[in-house]
Structure formats: C-alpha cells, structure tokens
Amino acid sequence: MMYDTILSRSFSRSDQKKLGYGAIFFCLLILASIFTALKSHLGALPALTLRLTTVDDHKMLLIEEKSASQEQEVITVQKNFTREMEPLCNVMDPRSDYCSITGDVRVQGSSSTVFVAPSEMLTGNDSWTIRPYARKGDETAMGPIRKWSILPSAVAHRPIPICTEHHSVPGVIFSTGGYAGNNFHAFTDIIIPLFTTTRHFGGEVKLLVTNKNPRWLQKFRAILENLSKYEIIDIDSAGENIHCFPRVIVGLKHHKEMIIDPSRSPYSISDFRAFLRSAYSLKKENAIKLQDGELKRRPRLLIVSRKRSRSFTNLAEITTMAETLGYEVVASELDSNMSRTPAIVNSCDVMMGVHGAGLTNLVFLPENAVLIQILPIGKFEWHAKVCFGDPARRMNIKYMEYNIKEKESSLIQEFPLDHVVFKDPVAYHKHNWNLFKSRYLEKQNVELDVNRFRQTLVKAMELLH
C-alpha cells in the first residue's frame, strides 16, 4: 500500500503505464537470456495445437500437445497422403492401361479381380477394368485379352476375400496373348514393357501371367528368369485361391515401338540391350572396327532368310557377291530357338533382311553394328522407319535402307509395270490392312539385283571403319 502511494505521488498515470511496460520487457529479456544459455540442455519443446470440438452439443477448446518429432511425423504423413491420393490407375495413355496399387492387395484369379483392402490413404469410389496388354486400341489384339477388375473395398460393398497365399514381394499381372506369337510384338508389346516395369525390383518381384502361352514362356525363359527370382504364377488357373501382395501392378508401361523413352523411365534401350547380353551370355559387345587396307579380318554378314514369304530367291548369288567384297557370310532364318538365335546375331557385324519380324533380332547385335532393311514393293517406308529404323538408331546401330525396284519383286510375274499394284500401292489396298498384308507381305518374294545391291554392302563395310 505504501509503495502504491509513493508511485502515485512520484509519477503520473501515463508514466506509471510506461514503467510497467518497461518492467515487463526487462523480465522477458532476462527470460530470453536464460533460455538461450540453457538451450543446449533442453529437449525439443512440445508443440501446442488448439482444436475446437463438440462433445454432447457443447463446444470445447482442446489443447493437444505434440513433441517436435511427432509434429514431423504429422507433416510426413500429410505429404504421403497427398502422394497416395493420386489415382491407382492410369487409363489415359493411348497405348496401355496401367495400375499400381500399394497396401493390402488381394488377387483372385477365378474372378479376374484385384481387391484393394480399406486404407486411410485410399479414398473415392473409383474402380477400373483393364486388359493387361500393351496394344490398346487394336481390337484384333485386345479382344481375346482377359479383363481384370481393380476393385477398392469401398466399391465392392462386401467384405474382401481372405488371403490364402501370402507373398512378401510385389506382383505384376501381364498377358501373353494378343500378337505374342509374332517376334516383333513379343518384344515391343511384352518384353520391353515388362523390362521397364520390373527391372528396378532387382528380381524381387513375382510375375502373374494371364492368357498363359506355354510356348512363349518357354521361348523367353532366360529373360523372365533374369527379371524375377520366383516361379511364374499362372493366375488364371489359381482357382479360388487369394494371393495377397504388398503391391500389385496390373498392365505394363509402353513407350514406343521397340523404344524406351529415358524421360519416362530410369532405363534406356541401351540398358535393355546390356540386360539381354547378360541374360544370354553374349560375348560380343562391339562390332568389328576395320582399319584402312586391312585384309586379315573379315566382318560377319548375317542374311536373314525367309522360307514362306518375302524370301530371297537368289540367296546363293547374294552370298557369293558378298564374299567377294570380303564378308564372311552367315545365312539363317532365325527361328524361335532362343538358345542359338541370340548368339548367331551377336556374332555378326552387319545384318540384312527384308522387312519382317525377323529383323527384331537386331536387339542382339553388338554396338555400332549395321542393319540393312530391304523394303519390298508396297510403300513400306513408314513401317520400316517406325518398326526398325528409329529403334536401330536409338540402339547405337547404324541403319541403312534398300528399296527394291519393280523387277526385283516377284509381283512382276503377276502384274505389268504400269499396274496400280506398282504405281500406287495405297490406291490399290485403300488402307485395308488385310489386303495390304495379303498382297505385299504374304505374296511377294525378292530377287535382289546383285550389281545394284553391291554398293549397299560396300557402304556398310565403310561404316565399320
């Protein structure tokens, strides 16, 4: 009381307020100094969170206390939640549908269904039905492909089935149907997309095959065994068994024909070719490098021969001419025997053949080899470029084309030179694929003019210098 009287007499009311503010500031300054001195001895202070809630119609202000580490966990969960909110499936790609589901994922072969268990990270009522084959839009190829449903529990409106088989590694569902019997489609529709989809798992992934093709699986066994350390699962024959995985991918990512786009994948087509060399124990990484005037070493020329269509009718004459130029010639049809075909191709420096699936084996050629694609009558330029020309350049293979003349085609035996078959192939088939295929692919053979073609082989040898 006495101090209050003294203050009131010595200072005006405004002065008293200023003095009070100064005292408060001085106290805060002292506290800050103490805190700074002891900071290294203190743990992380809790964070206070105010939350307005309602209990029994009464609003209450709750104060929640979180440590700094708990606060960081909340931030991390929020980031993960944002990432997981992305759609499980991408069905907007023009070439292939693709789903990637992480969590409690259950696969039932009998119903072709992938069930997704309830999860805090899974919201929405979307479901998807896709065919796991990378030639979307081609109904001839896609028609027989089995449809798979991706069904989150919120959409199923019933309890999801109980696991009967548990797997500790991810699973990938893909089809070996469609055009898989054709070597070109086997690689561009399945093998290359399967590589880009599974390679980063380092073998710790299980392959679930739908539309199982036993011959196909046997043919490419070396590739499949190097992508997965586990037995292949024939998921269509799994019956009522429920296979449970921590992650399931349905469908394969496809970029372009025989090409991997590095901007969309951690891998390139060069990585794929290195993978093939390892899978098939191929010894030759680089094509021969010739020196000017060198006579001792002969580059190996592989002539891809065909028996049924687009075959060389003067193979012996072509072989003799090539040998006079200094080539060691190997002629092979390159059949489906993958125990020998990769080694044959890899041993050669130049490969030549008429446009067709056999040229797909260029993937086994060594670096800096030469590919000569022979284009029959029929306006094959676009097909030649997309199927083999562009991929060859991406694979570090030197690419050449040779367009045959009318007199080098067997069609000359059926039609006069001024026929529309020669003059305007597009007008002849009118974009009818079956007519194009029948006339220009299945009913045409090639008799190379060896004198004219000679310059192409000379140029190929120059490219090896």
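The values are calculated or read from the model by the stated rules, or taken from the named source; none is laboratory data. In this text the structure is predicted, and so the values were computed from the model without any measurement. So basically every Cβ, Gly included, is an ideal-geometry build from the backbone, and we count neighbours across all protein chains shown. In case anyone asks, the SASA skips ligands and DNA or RNA and just uses the protein heavy atoms, side chains included. Shrake-Rupley method; radii C 1.70, N 1.55, O 1.52, S 1.80 Å.
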Residues Val107, Val169: which one is open to solvent by less than 30 Å² (accessible area, probe 1.4 Å) and either small (Gly, Ala, Ser) or in a strand (DSSP E or B) (or both)? Val107
Across (1) at pLDDT below 95; (2) loosely packed, with under 14 Cβ neighbours inside 10 Å; (3) in contact with a Gly (Cβ under 9 Å, 6 or more places away or on another chain); (4) under 18 Å from Asp189 (Cα atoms), Met85 clears everything bar (4)
Taking the condition of being surrounded by 15 or more Cβ atoms within 10 Å (Cβ to Cβ) and without any contact (Cβ under 8 Å) to a residue 40 or more places away in the chain, how many residues in the stretch 314-327 meet it? 2
Given the structure, is Gly178 in a loop (DSSP other than H, G, I, E, B), buried (at least 22 other Cβ atoms within 10 Å of the Cβ) and within 19 Å of the chain's Cα centre (by Cα)? yes
I'd like to check something: does the stretch 407-430 contain any residue that is modelled with pLDDT under 95, out of contact with any Lys or Arg (no Cβ under 9 Å at 6 or more places or on another chain) and of a type outside the set (Ser, Thr, Tyr)? yes
Would you confirm whether or not the stretch 414-425 contains a residue that is under 27 Å from His185 (Cα atoms), of a type in the set (A, V, I, L, M) and either assigned to a loop (DSSP other than H, G, I, E, B) or open to solvent by less than 60 Å² (accessible area, probe 1.4 Å) (or both)? no
Criterion violated by Phe245 - all others in (1) out of contact with any helix residue (DSSP H, G or I) (no Cβ under 6 Å at 6 or more places or on another chain); (2) assigned to a loop (DSSP other than H, G, I, E, B); (3) open to solvent by less than 30 Å² (accessible area, probe 1.4 Å) satisfied: (2)
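Identify all residues within the stretch 138-159 that are outside any helix (DSSP H, G or I) and open to solvent by 30 Å² or more (accessible area, probe 1.4 Å); write none if there are none.
Residues of the stretch 138-159 outside any helix (DSSP H, G or I): 138, 143-152, 157-159.
Listed by number, the residues that qualify are Asp138, Gly143, Pro144, Arg146, Lys147, Ser149, Leu151, His157, Arg158, Pro159.
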The lone condition Arg215 fails out of (1) open to solvent by less than 30 Å² (accessible area, probe 1.4 Å); (2) in a helix (DSSP H, G or I) is (1)
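Going by the conditions given, is Ser228 of a type in the set (S, T, N, Q), open to solvent by less than 60 Å² (accessible area, probe 1.4 Å) and more than 21 Å from Ile397 (Cβ to Cβ)? So that I can check it myself, show each step before the final result.
On the way: of a type in the set (S, T, N, Q): yes; open to solvent by less than 60 Å² (accessible area, probe 1.4 Å): yes; more than 21 Å from Ile397 (Cβ to Cβ): yes.
When the stated conditions are applied, Ser228 passes them.
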Go through the residues of the stretch 329-339 one by one and say whether even a single one is within 30 Å of Asn451 (Cα to Cα), at pLDDT 95 or above and open to solvent by 40 Å² or more (accessible area, probe 1.4 Å). yes
